[in-house]
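Peer 1: Questions regarding the structure given below will be posed in turn.
The values are calculated or read from the model by the stated rules, or taken from the named source; none is laboratory data. These numbers were taken from a predicted model, which means no experiment stands behind them. Cβ atoms come from the backbone with ideal geometry, glycine included; neighbour counts cover every protein chain shown.
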There are 2 protein chains.
Amino acid sequence: MSDTQQSFSISELASEFSVSTRTIRFYEEKGFVTPRREGQKRIFSAADRARIRLILRGKRIGLTLAESVEIIDMYRTDGSDEEQLGALLEKIDERRKALQQQQRDLRDMLSALDEVETLCRQARGAEQNGTSESQRGAAASGRPSAA
Amino acid sequence: MSDTQQSFSISELASEFSVSTRTIRFYEEKGFVTPRREGQKRIFSAADRARIRLILRGKRIGLTLAESVEIIDMYRTDGSDEEQLGALLEKIDERRKALQQQQRDLRDMLSALDEVETLCRQARGAEQNGTSESQRGAAASGRPSAA
DNA sequence: TGTGACCTTTACGTTAACGTAAAGGTAAGC
DNA sequence: GCTTACCTTTACGTTAACGTAAAGGTCACA
């Protein structure tokens, strides 16, 4: 009961996305969503909901709201202005480079975590059976070692 | 003249990492780096430099300083306390999940950018030769389409 | 000797992204 | 008619991560 639905209350969206209603009102203040009103109450459309989802995705990777919105609004640009299209293509390239750098950083961090985990499991094994020497056989850490 | 070097001034590091000296002093205030002093002046070790590099890597993927430091300090944990090792393994798993979610989000955003770029190039092509129909042949966007 | 190029400390200012009251309206249900 | 569950607005508070003076020390160099 949510994906065929086409209008949402503020608390519905808040609980769906695990954010406060304040957060959503804040997004409206900033103009990132524009719910219509029914009396006083905000009624959010499926489009509003989608924008919120995208904003939160941006947040998870460390974008500011403004940055997320900039990306989201790239979809909205009409293809009628040649100059704007050029500017948009440049922005896309810029963003892509940043995101690719992030991918590299993420990969590095994840392999760092794997490394620490391996050390950690070795230390634990060593402590449990009293030996501080290397383990028998391979580093059976349960996780594949980035083959 | 930097990788065999073992001590650094504040402005050397600042310019190397393209941050302000204020930023580095701020990191010291927070205890993330602990340069020794020569008179009044801060002298940073290669270890300090490495920590700064890691902090900035964390920043690029949207971690707070505290989060970066938490990850960095995982390396420092000695394997002597069984209970701590367990806690550390849990933390690692938590972090890994978040980072993996970030990877998914990044992938999605990058393919969204690709999509917008394609639309954009099509629109530009259409405008330039006056036709709003589809382009001749394949979508020759210069970029491989995630083969 | 003065003028840059660095370095220092102290301290108030700023922005983003909300949190947190406070005070009140409305509709459902007992 | 009263409570409970939502909803509203207005508005001040908070945290992170620095920015930005202001005021001054030190060393080399012309």
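Peer 1: Just to verify a result, which residue in segment B:36-47, among those that are within 12 Å of DNA strand C (Cβ to nearest atom) and either among the aliphatic types (A, V, I, L, M) or under 23 Å from A:Asp105 (Cβ atoms) (or both), is nearest to the other protein chains (Cβ to nearest Cβ)?
Peer 2: To start, the set of residues in segment B:36-47 that are within 12 Å of DNA strand C (Cβ to nearest atom) comprises B:36-44.
Okay, now just the ones that are also either among the aliphatic types (A, V, I, L, M) or under 23 Å from A:Asp105 (Cβ atoms) (or both), so B:43-44.
Values: B:Ile43: 27, B:Phe44: 22 Å.
Filtering segment B:36-47 for residues that are within 12 Å of DNA strand C (Cβ to nearest atom) and either among the aliphatic types (A, V, I, L, M) or under 23 Å from A:Asp105 (Cβ atoms) (or both), the one nearest to the other protein chains (Cβ to nearest Cβ) comes out as B:Phe44.
Peer 1: Would you mind stating whether B:Ala50 is away from chain A (no Cβ under 14 Å), more than 16 Å from DNA strand D (Cβ to nearest atom) and within 26 Å of A:Glu117 (Cβ to Cβ)?
Peer 2: Criteria not met by B:Ala50.
Peer 1: Does segment B:4-11 include one or more residues that are without any contact (Cβ under 8 Å) to a residue 60 or more places away in the chain, within 20 Å of the chain's Cα centre (by Cα), over 25 Å from A:Gln103 (Cβ atoms) and away from DNA strand C (no atom under 12 Å from the Cβ)?
Peer 2: No, the conditions are met nowhere in segment B:4-11.
Peer 1: From the list B:Val33, B:Val19, exactly one residue is free of Cβ contacts under 8 Å to residues at least 60 places away in the same chain, touching a Phe, Trp or Tyr at 6+ places or on another chain (Cβ under 7 Å), within 14 Å of DNA strand C (Cβ to nearest atom) and among the β-branched types (Val, Ile, Thr). Which is it?
Peer 2: On the way: B:Val19 fails: touching a Phe, Trp or Tyr at 6+ places or on another chain (Cβ under 7 Å).
Every option except B:Val33 fails the conditions.
Peer 1: Residues A:Ser15, A:Ser7, A:Ser20, A:Ser68: which one is modelled with pLDDT of 95 or more, within 14 Å of DNA strand D (Cβ to nearest atom) and touching a helix residue (DSSP H, G or I) at 6+ places or on another chain (Cβ under 7 Å)? Lay out the reasoning, then the answer.
Peer 2: Numbers: A:Ser15 fails: touching a helix residue (DSSP H, G or I) at 6+ places or on another chain (Cβ under 7 Å); A:Ser7 fails: touching a helix residue (DSSP H, G or I) at 6+ places or on another chain (Cβ under 7 Å); A:Ser68 fails: within 14 Å of DNA strand D (Cβ to nearest atom).
It is A:Ser20.
Peer 1: Considering segment A:29-42 alone, what residues qualify as being surrounded by 15 or more Cβ atoms within 10 Å (Cβ to Cβ) and within 8 Å of DNA strand D (Cβ to nearest atom)?
Peer 2: Answer for segment A:29-42, where residues must be surrounded by 15 or more Cβ atoms within 10 Å (Cβ to Cβ) and within 8 Å of DNA strand D (Cβ to nearest atom): A:Pro35, A:Arg42.
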